[in-house]
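A.B. asks: Pasting a structure below so you can have a look.
The values are calculated or read from the model by the stated rules, or taken from the named source; none is laboratory data. None of these values were measured; they are calculated from a predicted model. Every residue, glycine as well, gets a Cβ built from its backbone with ideal geometry; the counts of neighbours run over all protein chains shown.
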Amino acid sequence: METYSVHFGFSQHFDFPPEQAFLWCTDYAPGDLELMGEKGRRKVKRLNEDTFILNDKYKTKEGKLVKKKLVRVYPERLSWTNTRVSKDGRHSQFLYQIVTEEGGSSRLEFTGSQIFSGKKPGKAKLEAMARQLAIEDSAAWRSLAKAMAKDLSK
């Protein structure tokens with residue numbers, strides 16, 4: 001089966017120190033999808049101190065969508081990877097790193113490489129797909145940033 005990758009990225013500001021933001025971002029829980037503004041359920045399985053399996057089930061217009069992900073965290077680098085292991089988008093990989101900003105705040109630097117089945121489209125279509133993926137994923141992270149602010153400001 002023929003596949004192709006769409007690469008995209010974005011940044012998300014957090015009003016918190018990098019270490020605090022990293023710990024919040026990697027504290028996986030069943031309610032995470034709701035915090036992202038999505039409808040679905042998450043099961044979290046911790047394999048060891050730095051490896052998780054996330055099993056996300058979404059309800060879509062087309063039916064049920066399952067995204068199973070292998071997540072590896074690197075606390076010393078304030079980064080983590082998320083690799084899709086389910087059928088839909090298998091082997092897609094997402095890289096996350098929390099970096100320091102002035103004044104003690106931080107930001108997420110996100111890089112995605114999503115795999116699609118089929119013949120690779122032209123440059124204009126790939127660029128449109130990358131823009132759309134960045135819009136969708138950055139919206140989820142804006143929601144997460146609001147949830148982080150609510151949780152960590154208490």
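A.B. asks: Check 15, 50 and return the single one that is farther than 19 Å from residue 94 by Cβ, surrounded by fewer than 17 Cβ atoms within 10 Å (Cβ to Cβ) and in contact with a helix residue (DSSP H, G or I) (Cβ under 9 Å, 6 or more places away or on another chain).
C.D. replies: On the way: 50 fails: farther than 19 Å from residue 94 by Cβ.
None of the other options fit; the residue is 15.
A.B. asks: Determine, yes or no, whether residue 150 is closer than 21 Å to residue 24 by Cα and in a loop (DSSP other than H, G, I, E, B). Can you show your working first?
C.D. replies: Numbers: closer than 21 Å to residue 24 by Cα: yes; in a loop (DSSP other than H, G, I, E, B): no.
Judged against the criteria, residue 150 is not a match.
A.B. asks: Let me ask you something else. Out of 128, 134, which single residue is over 19 Å from residue 44 (Cα atoms), of a type in the set (A, V, I, L, M), modelled with pLDDT of 95 or more and surrounded by 15 or more Cβ atoms within 10 Å (Cβ to Cβ)? Before the answer, list the steps.
C.D. replies: Values: 128 fails: surrounded by 15 or more Cβ atoms within 10 Å (Cβ to Cβ).
Criteria check complete, one pass: 134.
A.B. asks: Provide a single number: the residues in the stretch 111-154 that are out of contact with any helix residue (DSSP H, G or I) (no Cβ under 7 Å at 6 or more places or on another chain), among the hydrophobic types (A, V, I, L, M, F, W, C) and within 14 Å of residue 11 (Cα to Cα). I'd like the intermediate steps shown before the answer.
C.D. replies: At the first step, the residues of the stretch 111-154 found to be out of contact with any helix residue (DSSP H, G or I) (no Cβ under 7 Å at 6 or more places or on another chain) are 111, 113, 115-142, 145-146, 149-150, 153-154.
This time we only want the ones that are among the hydrophobic types (A, V, I, L, M, F, W, C), so: 115-116, 124, 126, 128-130, 133-135, 139-141, 145, 149.
Subsequent filtering for residues that are within 14 Å of residue 11 (Cα to Cα) retains 133-135, 139-141, 145.
The qualifying residues number 7.
A.B. asks: Which residues, taken from the stretch 103-125, are surrounded by fewer than 17 Cβ atoms within 10 Å (Cβ to Cβ), within 30 Å of residue 24 (Cβ to Cβ) and in contact (Cβ under 8 Å) with a residue 24 or more places away in the chain?
C.D. replies: 104, 105, 109, 111, 113, 115
A.B. asks: OK, next. Could you grab me the full set of residues in the stretch 75-101 that are more than 15 Å from the chain's Cα centre (by Cα) and modelled with pLDDT of 95 or more?
C.D. replies: 75, 76, 77, 99, 100, 101
A quick yes/no check of all residues on (1) in contact with a Gly (Cβ under 9 Å, 6 or more places away or on another chain); (2) free of Cβ contacts under 8 Å to residues at least 60 places away in the same chain; (3) under 17 Å from residue 113 (Cβ atoms):
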residue	(1), (2), (3)
31	no, yes, no
58	yes, yes, no
62	no, yes, no
67	yes, yes, yes
70	no, yes, yes
93	yes, yes, yes
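A.B. asks: Does residue 100 count as touching a His at 6+ places or on another chain (Cβ under 8 Å) and in contact (Cβ under 8 Å) with a residue 12 or more places away in the chain? Explain how you work it out, then say what you get.
C.D. replies: Numbers: touching a His at 6+ places or on another chain (Cβ under 8 Å): no; in contact (Cβ under 8 Å) with a residue 12 or more places away in the chain: yes.
Taking the combined requirement at face value, the residue does not satisfy it.
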